[in-house]
Every structure is written in C-alpha cells, then in structure tokens.
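Enquirer: I have a structure here, written as structure tokens, and I will follow up with some questions on it.
The values are calculated or read from the model by the stated rules, or taken from the named source; none is laboratory data. It should be emphasised that the depicted structure is a prediction, and the values quoted were computed from it without experimental measurement. Positions of Cβ are generated from backbone atoms using ideal geometry, with glycine treated the same way; all protein chains shown enter the neighbour counts.
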Amino acid sequence: MFTCYYDLMAQSDGENVASEAADTKRDTVKVKPDWKISGSPSLTLTQTSFSNWSAGGANSIAGVAMIGLKSMYSETKFTWETTLDMAYGLTYQEDNFLKNNDKIDFFTKFGLRSSQKWYYSLALQLKTQFDKGYKTYPPPDKNKYTSRFMAPGYFIASLGMDYKPAAELSFMLSPFSAKYTFVLDTMLSNRGDFGVDPGHRSLSEIGSSIKATYSKTLKSKSTINSSLELFSSWQNNFGNIDISWEFDWNVKITKWFSSRIYGKLLYDDDIKIKDSNTGEVLGPRLQFKQMIGVGISLSF
C-alpha cells in the first residue's frame, strides 16, 4: 500500500512540475512582431468648358493628388502607429493657376499596453502645407500671400492614455500637450499672423487635448477615415477649444476608379479672419473646406 501511494504521489508531483514548466514556457514565448503597411494614392480630375453658353461661365481644368500612408507595428506590450496624409491640387482657369488643396499631416504614436484596451501613449504630430496661399484668386499681388510652407506649421506633442475599444477606433486623452505654432516667413511673422507676436516666428502653448480617430474598410471596399482633434491652452484663453475635424470617404467604383468625399472643419482661437474687402480683423471664425470628385484611385 505504501509503495502504491508513493508511486501515485510521485506521478502527481511530476505532472505538476511538467504543468508549471509548460506554463512558464508559454509566458516566456514572445508574440511575433507584426507589421502592417497600407496606402491609398488617388488623382481626381475635373474639366469644364463653355461655348456660346448664355448663362456664362469660365473654362477650367482642376486636379487634386492625394495620398494616405499608414504603418502599424504591434507586439505583446508595444504598438507604434504612423500616418502620413498629403494632398495638393490646382485649378487652371482664365490663364491662372489657383490652389484648391494643400496639406501635409504627419502623425506618429507610441503605445505601451496597460490593460486589454488601454495604453500609455506618446504622440507627435506635424502639420503644414506645400505652397503659398492667397486670399483671392487670381492674386492681385503675388507677394501678398497669406500662407506658405511652415507658415503656419504646427508641431504637437501629447502624453496620456489611449483607449482602443475596437481595432478601428481610438481615443487618446492627453492631460499634458504642447502645441507649437511656427510662422517661418518674415512678412507673415512681422504682421503677427496665426497668433504669434509681431516679429516672432513661433508661439508655444501648453494645454490638454483629445484626439479621436476612426478608420474602417467596408464590405463594398469603400473606406471611411475620420479624425477629431480638440485642444485647450492653459495659458491663453483657458476654456476656449481649438477644433479640427476631418472626414474622408473613398468609394470604390471599379478597380481603378473611385469617388471621394472630403471635408474639413477648423476653429482656432489664434487665427483671426479678416474682411476680404476692408481688411478689418473680424476675429476667429469657423472655417470649412469640402471636396467631391471622381478619379483614379489605388490601394495597397
């Protein structure tokens, strides 16, 4: 009886040791890092012409090139997400080229997993445009532009928690955010445009921010991308909220062609809108831009 009992105990102890060893092995096995890279370049063209048209009109050709690139790196405890959105468009009308779209937006976010849906996160963002912009087209004076590359330019650093309830949805809550506005143009900085003091080339603000993003590919192979950014400065007019909301819906028609609906809403307390006729400063205003078109579109 003793021998039998001893053998059973030894067998049980051996199974427990083997089980613990297996658990330890599973805990030490690292999840294979995963890279996902995607992109969606597109070119939208429109052409309008008139001949003996009684209602009037101007012949025009317009084109907008857009590209969105995204990379996602993930492993057991760490994620790294990067996006680059660029757009540039021109309209040729009555022997003049008019800018109709201009955007550079680079965003990168590092996340360290806290729980299943929460991450400690650090996000960096740079936003500006490629070319000079004018209040009216054709510009009466090409030296009197209202914007250009890095005038303005925005650099934003945010530290906080990122909540991801689903793969396509993210809410980053940042109690500590630093926003830097750059006006690297002598004429615009001397005028004090975009909130900088006259003669200064930058404005720094410390505050809090929220950024929500949504990205979804539907069964129809159309894609919806939307982002909402809210920022409130602790130093300047605390409680006023800068708002930036973008919506981009790309609908596949065929393998090569798609339709696109794009809109952007912007409110920045530091951007003072001027009356186009009198030049009177009206103060901050809600700004809106939209684009609807059909063109060539690829995705990978």
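Enquirer: How about segment 198-226: which of its residues are among the polar types (S, T, N, Q), buried (at least 19 other Cβ atoms within 10 Å of the Cβ) and either without any contact (Cβ under 8 Å) to a residue 60 or more places away in the chain or not in a strand (DSSP E or B) (or both)?
Expert: Those that are among the polar types (S, T, N, Q), buried (at least 19 other Cβ atoms within 10 Å of the Cβ) and either without any contact (Cβ under 8 Å) to a residue 60 or more places away in the chain or not in a strand (DSSP E or B) (or both): Ser209, Thr213.
Enquirer: From Gly207, Gly283, grab the single residue that is in the same structural domain as Leu45 (by TED's automatic domain parsing) and farther than 24 Å from Leu159 by Cβ.
Expert: It is Gly283.
Enquirer: Confirm whether Ser189 is surrounded by 16 or more Cβ atoms within 10 Å (Cβ to Cβ) and out of contact with any strand residue (DSSP E or B) (no Cβ under 7 Å at 6 or more places or on another chain).
Expert: So Ser189 fits the description; yes.
Enquirer: In segment 93-113, which residues are at pLDDT below 90 and assigned to a strand (DSSP E or B)?
Expert: From segment 93-113, those at pLDDT below 90 are 93-98, 100; that's our starting set.
Passing the criteria: Gln93, Asn96, Phe97, Leu98, Asn100.
Enquirer: Of the conditions (1) out of contact with any Asp or Glu (no Cβ under 9 Å at 6 or more places or on another chain); (2) closer than 16 Å to Phe247 by Cα; (3) among the acidic types (Asp, Glu), Asp105 fails just one. Which one is it?
Expert: (1)
Enquirer: Tell me, please, whether a residue that is assigned to a strand (DSSP E or B) and either free of Cβ contacts under 8 Å to residues at least 60 places away in the same chain or among the charged types (D, E, K, R) (or both) can be found in segment 180-197.
Expert: Taking every residue of segment 180-197 in turn, at least one turns out to be assigned to a strand (DSSP E or B) and either free of Cβ contacts under 8 Å to residues at least 60 places away in the same chain or among the charged types (D, E, K, R) (or both).
Enquirer: Being surrounded by 15 or more Cβ atoms within 10 Å (Cβ to Cβ) and under 17 Å from Ser158 (Cα atoms) is the filter here, so list the residues in segment 81-112 that pass it.
Expert: If we filter segment 81-112 for residues that are surrounded by 15 or more Cβ atoms within 10 Å (Cβ to Cβ), which is where we start, we get 81-91, 93, 98-111.
Of everything in segment 81-112, those that are surrounded by 15 or more Cβ atoms within 10 Å (Cβ to Cβ) and under 17 Å from Ser158 (Cα atoms) turn out to be Glu81, Thr82, Thr83, Asp105, Phe106, Phe107, Thr108, Lys109, Phe110, Gly111.
Enquirer: A further question on this structure: Out of all the residues in segment 227-263, which are assigned to a strand (DSSP E or B) and either surrounded by fewer than 16 Cβ atoms within 10 Å (Cβ to Cβ) or of a type in the set (A, V, I, L, M, F, W, C) (or both)?
Expert: Within segment 227-263, Leu228, Leu230, Phe231, Ile243, Trp245, Phe247, Trp249, Val251, Phe257, Ile261, Gly263 meet the criteria.
Enquirer: Quick test of your reading of the structure: Ile271 fulfils all but one of (1) assigned to a loop (DSSP other than H, G, I, E, B); (2) crowded, with 16+ Cβ neighbours inside 10 Å; (3) touching a Ser or Thr at 6+ places or on another chain (Cβ under 7 Å). Name the failing condition by number.
Expert: Unmet for Ile271, out of (1) assigned to a loop (DSSP other than H, G, I, E, B); (2) crowded, with 16+ Cβ neighbours inside 10 Å; (3) touching a Ser or Thr at 6+ places or on another chain (Cβ under 7 Å): (3).
Enquirer: Then there's this: Against the condition exposed (fewer than 15 other Cβ atoms within 10 Å of the Cβ) and basic (Lys, Arg), how does Arg285 come out, does it pass?
Expert: In short, yes.
Enquirer: Counting just the residues of segment 274-297 that are in a loop (DSSP other than H, G, I, E, B) and under 27 Å from Leu228 (Cβ atoms), which one comes out modelled with the highest pLDDT?
Expert: Just the residues of segment 274-297 that are in a loop (DSSP other than H, G, I, E, B), to begin with: 275-280, 284-286.
In the following step, the residues that additionally are under 27 Å from Leu228 (Cβ atoms) were identified as 284-286.
On the way: Pro284: 84, Arg285: 86, Leu286: 89.
By that ranking, first place goes to Leu286.
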